[in-house]
There are 2 protein chains.
Amino acid sequence: MTEILWGIIACGALAILYAVFTIQTVMKADAGNARMQEIAGAIREGAQAYLNRQYQTIGVVGVVIFALTWVLLGLPVAVGFLVGAVLSGLAGYIGMHVSVRANVRTAQAATVSLGRGLDIAFKAGAVTGMLVAGLALLGVAIYYYILTEILAYAPSDRTVIDALVALGFGASLISIFARLGGGIFTKGADVGGDLVGKVEAGIPEDDPRNPATIADNVGDNVGDCAGMAADLFETYAVTVVATMVLAAIFFAGQANFSALMVYPLAICAACIVTSIVGTYFVKLGANNSIMGALYKGVIASGVLSIAGLWAATHYVLGGFGEVGVANGVSITGQGLFLCGLVGLALTGLIVWITEYYTGIGYRPVRSISQSSVTGHGTNVIQGLAVSLEATALPTIAIVAGILFTYNIAGLFGTAIATTTMLGLAGMIVALDAFGPVTDNAGGIAEMAGLPKEVRRSTDALDAVGNTTKAVTKGYAIGSAGLGALVLFAAYNYDLQYFIAKANEPGSTVYQFFRGVEINFGLDNPYVVVGLLLGGLIPYLFGGIAMTAVGRAAGSIVEEVRRQFKAKPGIMKGTERPDYARAVDLLTKSAIKEMVIPSLLPVLSPIVLFFVVDAIGGRGAAFSAVGAMLLGVIVTGLFVAISMTSGGGAWDNAKKAFEDGFVDKDGVKHEKGSEAHKASVTGDTVGDPYKDTAGPAVNPAIKITNIVALLLLAVLAH
Amino acid sequence: MTEILWGIIACGALAILYAVFTIQTVMKADAGNARMQEIAGAIREGAQAYLNRQYQTIGVVGVVIFALTWVLLGLPVAVGFLVGAVLSGLAGYIGMHVSVRANVRTAQAATVSLGRGLDIAFKAGAVTGMLVAGLALLGVAIYYYILTEILAYAPSDRTVIDALVALGFGASLISIFARLGGGIFTKGADVGGDLVGKVEAGIPEDDPRNPATIADNVGDNVGDCAGMAADLFETYAVTVVATMVLAAIFFAGQANFSALMVYPLAICAACIVTSIVGTYFVKLGANNSIMGALYKGVIASGVLSIAGLWAATHYVLGGFGEVGVANGVSITGQGLFLCGLVGLALTGLIVWITEYYTGIGYRPVRSISQSSVTGHGTNVIQGLAVSLEATALPTIAIVAGILFTYNIAGLFGTAIATTTMLGLAGMIVALDAFGPVTDNAGGIAEMAGLPKEVRRSTDALDAVGNTTKAVTKGYAIGSAGLGALVLFAAYNYDLQYFIAKANEPGSTVYQFFRGVEINFGLDNPYVVVGLLLGGLIPYLFGGIAMTAVGRAAGSIVEEVRRQFKAKPGIMKGTERPDYARAVDLLTKSAIKEMVIPSLLPVLSPIVLFFVVDAIGGRGAAFSAVGAMLLGVIVTGLFVAISMTSGGGAWDNAKKAFEDGFVDKDGVKHEKGSEAHKASVTGDTVGDPYKDTAGPAVNPAIKITNIVALLLLAVLAH
C-alpha cells in the first residue's frame, strides 16, 4: 500500500502545485489604475487584519484544546488536532490572500471582456478550491502515513483512529469559528451598509461615500472565501476520516484491510486530478452563459471522475470482486464503484435542484419577484414558502442515496458515496470562491468610477455567484445528510468496541464502559430526549447567529450615521469617510459574537452525557448522546437547506429587478420601483439566512458528532 | 367501573350544560344599534356560508373514509371515526355560531366598560372551550361505554382499540382541514386586505370602504375559532385515546385494568369541573390588567385541578399504592398523581414561556420593535431570530417532563402527564376563543363608527388575544411533543402484539406480520430514512400552506383593486363595496387549497410503507414508518413553536407602535412612522406563520401517527 499512499500524496501535491501555478498567473494580470489599487489595498488590509485577529482568538481556544487533548489522549492525537486546525486555517488564509488580489484584477479584466473577467475570477476561486481539497487530502494521507508507516502503529490501532478523528475536530473547530465569525462580519457589513446607505441616504451599493462599503467588501473575503474554505475543508476531512474509521471497524483483520483503509483517500486523489482537468473546461461559450461555462467544468470533472473512480477501485482494491465482509455482508469492488457513482449523481442532482430553487428564470425565484409587486410582506412570505419547500427534493435525493448505497454495499457503501461526493470539492469550491472575487470586483469598479459596462459584467458574474454559493452550501449540507449514518455508525461501533473490550473476562481496559447497555431504539425515552435536544441545536444556534448579525448591522448603522453627521463633506464627496473604523468595529463585534454560539455544539453532547448519566445511568447517557447526533442532522438538514436556498432565491429575486422585472400582468418594474424596494427587504432577510446562520449549521452538525466521538475516546482512557 | 364511567359522562354533560347556560347569557346581552347588527349579520352569513361549504367538502372525504373503514375494519370502528368527526365538527360549528353573535355584543358592551367587554368576550370563548372539552370527553367516554358495556367487548379487545383510534382519526381529519382551510381563508383575507387597504389605499384596518374587511372578520371566526376548536378537540381526543390504548397494552389482565382504562377519562372529567369553576375567577381587577384577569382563571383551574387529580386517583385507582405493573415496573397511584402534576406544571410553564416570547413588554417583542427602527429587513431578521430562539425553553421543558415522568411511572406516566395537560383544554381554549370575538368587536366598532374609546378597549383585548392565541398553539404542540412517545409507543406495542400473535405456533391470525423483524435502532438506515422523510412533512406542508396564503391574498388584492376601479364611489363613501364577492372568492380558494397539503400527512406513512416494503421488506417498512412518526415530531415541534411564537411576537411588536414606541435612544415612533411601517411588514409575514402553517403542523403530526396506527389495523385484518 505504500506506493499507493505515495501516489495519493502526489495527487494532493499536484493540487498544491496547481494552486501555486495559478496564483502566479492571476498575479501577473493587470492590477488596474492607482485608484483601483488604493481601494483594493484598503480591502486587503481590512481582510488581513480581521483574519489575523480571528485566528488569534481561535488560537487561544486551540491551544487550550491542544493541551487538553495531549493530556487526555496523548501526543499523536493532539498533533492530529493541530494538523487539522492549521491546514484548515492555511487553506482559508491563502485562499483569501489570493482573493483580495484577484478582485482588482478581475475588475480590470472585465474592462476588456466578460470572458476575461470570468477567467481571472474563476482561477482565483480554483486556487481556494484546490487548496481545500489538496491540503485536506495531504493532511489526512501524510499523517496516516506517518502514524502507520513511520510510527508503525497498526492501521486499526485506537491511536490512529483517535488521531484521525482529532484531525477532523481541528478542522471543525476552525470551521465553526470561521463560518460564524466571517458570516457575522460580512452580513453585519452588508445589512448595515445597505440599510443606512441604500435605504436612508439613497446612495447605491458600493458607493465610495458609504463608510461601510470597504467593510462590506472585506466581509465577502473573510466570510464567503475564508469561512467557506474552512467549512468545506472540514466537511472533506471529517468525511474522509469517518469513512476510514468505518473501514477500520468493519474490515480490521481482513485480507484487504489496508487497501480498504486507503480506498477513500484514493478516490479523493483521483477526483483531485479530474477536478484540475475540469477547471480547463471552464470557458465562456458563444452564448455568453456564465453558468454554462461553469457547468462545463463541473460536468467534465464529474464524467472524468467516473474513470477516476474506476481506476481507484481497480488499482487499490485490485478489481471488482469481493473485497471484504462487513457485518456478515459481502462487499464487492463493483458495489463500492456503484456507490461512488451514486455520490457523483447526488452531487449533480443537488447542483441541479439548488439551481432550480435559486436561479433567476425558474418558478421559485420568479414567484418571489412576482410577490414583491404586492409588497414587502408578501415578498417575505413567498421567500419563506420557497425556503421551506426547497428542502423537499434534496431530502428525497439523500434518502434515495441512502437506500441505494446501503442496499448495494451496506454502511460502508454509503460512506464511499459521501466520500466520492466530496471528492469533487476542489471543483465545487472553485465555483463558490469565485463569487466574492466578482462581488469585490463590482465594488471596486463602482468605487473607482469605471464605466457602467464593467459593472454590468461583474454583476452578471455576481448573479451566478449567488447560485453557486447556494450550490456549495447545499452540497456541504447534503453530504452531511448522507454522512449522518456514517458519523452515527462511527459513534455506535466505537461504543460497541469499548463495551465489548471492557466486558471481556478479566479485562482491565475501558472499565468505564463495563456493563453499559445501549438501547438506540426509538422506544427508549432517552433516545427521544436526545433527538429533541439535538434537534434544538440548529434552531438555537441559528437564532443566536441571526441576532448577532442584527446587532452587528445595528452598530454599523449607528457608526455610519455618526460619520455622516460628523463629516458633512462625505455626502458631497469632499471628505473621505473613515473606512477603517467600520472594519475595526465589525472585527471586534464578529469576534465577540462568534464564541458563545460556537460553544453550543461543542458543549451540548458533553453536558447531555453527564446530565443523563446522573439521571438514568451510563447506558441511557450514551444512548441519548447518540440520538442527539441524529437529532442535530434531522433538523439541521432542513434548517440549513431552507436558509441557504431561501436566501439565494431572495437575492436573485432582487437581482431580477435590476434589468426590469415583467410581472404576470405584463407590467415592467424597474430598479427603484416599490416592487424593487420590497425585493430588497427579502434580500436583506436572506443575507444572514444564507451567509451566516444557514451555512454555519453544517460545521455545527459535524462538531457535535466529532465531540461525541472524542468524548468516547476520553472516557475510554 | 360503571358508576365511575357514569360520573365521567356527567362531568362531560356538565360542560355542555355550562355552554348552553352561557350561550343564553351571552345572547341576552345588548346587540347594539342597527348598523352594528347589519355588519355583524354580514360577518355571520359569510362565516356560516364558508363553514357549510368546508364541511360539505370534508363530508365528501369523510364519507369515502367512513366507507373504507367500514369495509376494512368493521362497523364499530367506522362509527368511531364518525363520532370523532361529527363531534369535532359540532364543537367548531357551535363555537363559531356563538362567536359571530358575541362579537357585536362585545362591541356594545365595550361602550359601557372594558370589564363588560371582557366579560362577554370571555364567556363566548368559554362556550367554545367547554364544548371542545365536553364533547371530546363525552364522545370517547360514551362510545367506550357502548363498546364495553352494551356491545360487551372486552376493554382490551382489538375492536375497542381500533374504534378509539378511529375516533381520533375522525377528529384529526376535521382538524387538519379546518385548520388549513380556515387558516388560508383568514390569512388570505387579512394579508390581502391589509396590503391593498392599509398599504395601497392608505385606509385604516377594518375601514368599511375596504371590500375585504368583512372577509377579514369572517376569517377570524372560521380560522381562529372553528379551526382552533377542531385542532384542540383533536389534540384532546387523540391524547386520551392514546393513553387508553397504552393502558390496554400495559395492563390487560391485571387486577386494576378497567380502572386504569378509565383513569385518563376521570382526570379529564375532574379537570372539566375545575375549568368551569376557573371561568368564574376571570374578573378584571382594579389594575385593569386583562392578562391578569385571564391568569386568575388559569391559576384557579390549575390549583383546583391538583385536588381534582387527587380525587380521580383516589376514587378511580383506589389509592396511591401499587396499581399495576407495566413492562415489569411497578406503577403506583402516587407516581401517576405526580405525573399528573408534571402535566399541570408543564401547562403553566408553557403559558409563561409563550407569554415571555410574545407579550408586549418583554425582551423578544421589544427587540423586534427596536429593530423596526432600522427598517423592514432588520424587523424580519430579528423576528426570525426570535422565532428560532423561542423553541429552546419549551423543548427543554418538554424534555424535562419526559425524563421526570418516565422515571416515575414509565411511559404510562408520560401519557398521564399529557392527558392531564390537556385536561385543562376547556380553560385554555376559552382564553384563545375570546380572541376572534374581540378582534371582530374591534372591526364592528370601526365600521359602525363607534367612539374611539370603544376601539381602544377592543384593541386592548385583542393584544392580549395575540398572546393567548400563541399560548394555545404552544400548549397544543407542547402536548404533542410530550405525547410523541405515547403515540410512538402505541404504534410500537401494536406492532409487537400483531407480530407475537402471528408468530404463535399454529397461528392463523395477523399472518401479514408473520416473521416480521422490527429494528427501531438508530443504526438502521431505514430508521434514518423514516426520520428524514418524517422531518420533511412539516417543512413541505408549511411551504405549501404559506404559498397558498400568498396566492389567496394575491387574489384578494386583485379583487379589491378591481372593485375600487369599477366603483369609484367606494373610496368616497358613496358606494357600498361588494363584501360578499371577497368572501366567496376566499371560500373557493381556501377550500381548493386545503386539500393537497391535508393529504400529505395522510398519505406519507402509507406511501413510505409500500415503497420501503418493496425495497427492503416488511420489517424495514414498519421500522421506517415508525421512525417517520418521530421524525415528524422532531421537526414539527420546532417548526410549529417557531412559527406560532414568532408570529405572535411580530404582531405584538407592531401593536407596540400603536401607542407610540420609545426606542433605545429615547426617540418616540408613532403609528404611521417608518418604523411602524416596518413593523407592519413583520406582522404580515407573521400572519400565515402563526395562523396557517404553524398551527396546522399539530394536526399534521397527529394524523401521521393515527394513520400509521390504522395502517397496522388494516394490515392485520
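The values are calculated or read from the model by the stated rules, or taken from the named source; none is laboratory data. Predicted, not measured: the structure shown is a model, and the values here were computed from it. Note that each Cβ is placed from the backbone with ideal geometry, even for glycine, and that neighbours are counted across all protein chains shown. Ligands, DNA and RNA are excluded from the accessible area calculation, which covers all protein heavy atoms including side chains. Shrake-Rupley method; radii C 1.70, N 1.55, O 1.52, S 1.80 Å.
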Open item on the list: Using only the alpha-carbon atoms, how far is helix A:392-423 inclined from the longest principal axis of chain A? Give it as 0 to 90 degrees, nearest 10.
Closed with: 40
- [ ] Might you report the magnitude of the Cβ-based charge dipole of chain B about its Cα centre, with Lys and Arg at +1 and Asp and Glu at -1, to the nearest 20 debye?
- [x] 740
Task: Long-range HN-HN contacts of A:E322 with modeled amide H, under 5 Å - done: A:G333
Open item on the list: Based on the alpha carbons, how large is the Rg to Rh ratio for the protein assembly as shown when Rh follows Kirkwood?
Closed with: 0.98
Task: Positive-end residue of A:V639, A:V20, A:S679, charge dipole of the protein assembly as shown with Cβ unit charges - done: A:S679
Open item on the list: Quick one: 3J(HN,Hα) in Hz for the range B:571-576, Karplus 6.51/-1.76/1.60 with θ = phi - 60°, rounded, Gly and Pro as x.
Closed with: 5, 7, x, 9, 10, 8
TODO: Can you check what the net charge comes to around B:D119, using other residues whose Cβ is under 12 Å from the Cβ of B:D119 (Lys, Arg +1; Asp, Glu -1)?
DONE: +4
TODO: Work the Kirkwood hydrodynamic radius out for the range B:612-672: mean of 1/r over every pair of different alpha-carbon atoms, inverted, in Å.
DONE: 15.4
Task: Proximal charge balance of B:E658 [Cβ under 10 Å; K/R count +1, D/E count -1] - done: +1
Open item on the list: Using a label point 7 Å beyond Cα on the Cα-Cβ vector, give me the inter-copy distances for B:V277 in nanometres, one decimal, shortest first.
Closed with: 8.3
TODO: Please turn the phi angles of the range A:232-242 into ³J(HN,Hα) values with the Karplus equation 6.51 cos²θ - 1.76 cosθ + 1.60 (θ = phi - 60°), one per residue in order, whole Hz, x for glycine and proline.
DONE: 6, 4, 5, 4, 4, 5, 5, 5, 4, 4, 4
Open item on the list: Let me confirm one metric for peptide A:489-495, namely the mean number of other chain beta-carbon atoms within 10 Å of its residues' beta-carbons.
Closed with: 1
- [ ] May I ask you to evaluate 6.51 cos²θ - 1.76 cosθ + 1.60, the Karplus curve with θ = phi - 60°, for each residue of the range B:280-297 and list the ³J(HN,Hα) values in order in whole Hz, giving x for glycine and proline?
- [x] 6, 8, 6, 9, 5, x, 5, 7, 6, 7, 5, 4, x, 4, 5, 4, 4, x
TODO: Please report how far the C-alpha centroid of the range A:451-474 lies from that of the range A:23-65, rounded to the nearest whole angstrom.
DONE: 21
- [ ] Determine the dipole magnitude for the range B:410-489: charges of +1 sit on the beta-carbon of Lys and Arg, -1 on that of Asp and Glu, nothing else is charged, the reference point is the Cα centre, and the result goes in debye to the nearest 20.
- [x] 120
Open item on the list: Nearest 10 degrees is fine. How inclined is helix B:75-112 to the longest principal axis of chain B, computing both from alpha carbons?
Closed with: 30
Task: Proximal lysines relative to A:K123, as straight alpha-carbon distance under 28 Å, when same-chain residues fewer than 8 apart are discounted - done: A:K28, A:K187, A:K283, A:K296, A:K452, A:K469, A:K473, A:K654, A:K655, A:K690
TODO: Measure off 7 Å from each Cα along the Cα-to-Cβ vector at A:V611 and A:V667, then give the distance between these two points in nanometres to one decimal.
DONE: 5.2
Open item on the list: Once you place label points 7 Å from the Cα toward the Cβ at A:A255 and A:R35, how far apart are they in nm?
Closed with: 7.3
Task: Summed residue charge, Cβ within 12 Å of A:D462's Cβ, Lys/Arg positive, Asp/Glu negative - done: -4
Open item on the list: Can you find, among A:G343, A:A624, A:I276, the residue sitting farthest towards the positive end of the charge dipole of the range A:1-716, where Lys and Arg contribute +1 and Asp and Glu -1 at Cβ?
Closed with: A:I276
Task: 10 Å Cβ neighbours from other chains, averaged over peptide B:683-695 - done: 3
Open item on the list: Could you report the buried accessible area between B and A, both sides summed, computed with a 1.4 Å probe and given in Å² to the nearest 100?
Closed with: 6200
TODO: Please name which of B:M594, B:V323, B:I402 has its Cα lying farthest along the dipole of the range B:1-716 towards the positive end, using unit charges on Cβ (Lys, Arg +1; Asp, Glu -1) and the Cα centre as origin.
DONE: B:M594
TODO: Count, for each residue of B:392-402, the Cβ atoms from other chains sitting within 10 Å of its Cβ, then give me the mean as a whole number.
DONE: 4
Open item on the list: How big is the dipole moment of the protein assembly as shown about its Cα centre under a simple scheme where the beta carbon of each Lys and Arg is +1, that of each Asp and Glu is -1, and everything else is neutral? Debye, nearest 20, please.
Closed with: 1340
TODO: Express the Stokes-Einstein translational diffusion coefficient of the range A:1-716 in µm² s⁻¹, to the nearest whole number, given a Kirkwood radius over alpha-carbon pairs, 25 °C and a viscosity of 0.890 mPa s.
DONE: 97
Task: At 7 Å out from Cα toward Cβ: B:E38 inter-copy label distances (nm, ascending) - done: 7.2
Open item on the list: At 1.4 Å probe radius, can you tell me the per residue accessible area of the protein assembly as shown in Å²?
Closed with: 29
Task: Position B:T2, label points 7 Å along Cα→Cβ, spacing to each other copy in nm (shortest first, one decimal) - done: 9.1
TODO: Note the full-extension length gain between B:R53 and B:A566 as 0.36 nm times their separation in residues minus their Cα-Cα distance, in nm to one decimal.
DONE: 181.8 nm
Task: Surface share of carbon and sulfur [accessible, 1.4 angstrom probe, percent] for the protein assembly as shown - done: 63
Open item on the list: Could you give the length gained by full extension between B:D659 and B:E45, i.e. 0.36 nm per residue of separation minus their alpha carbon distance, to one decimal place?
Closed with: 217.6 nm
Open item on the list: Can you give the FRET efficiency to the nearest 0.05 for B:L72 and B:N519, using r as the Cβ-Cβ distance and R₀ = 30 Å?
Closed with: 0.60
Open item on the list: Using the alpha carbons of the range A:388-440, what is the convex hull volume per residue in cubic angstrom, as a whole number?
Closed with: 88
Task: Quotient of Cα Rg and 2.2 N^0.38 Å for the range A:241-286, N being how many residues it contains - done: 1.73
- [ ] Between B:V509 and A:T25, with labels modelled 7 Å along Cα→Cβ, what's the label distance in nm to one decimal, could you check?
- [x] 7.5
TODO: Express the C-alpha Rg of the range B:1-126 as a ratio against the empirical globular expectation 2.2 N^0.38 Å, rounded to two decimals.
DONE: 1.38
Task: B:H669 long-range amide H proximity, modeled H, under 5 Å - done: B:F661, B:V662, B:D663
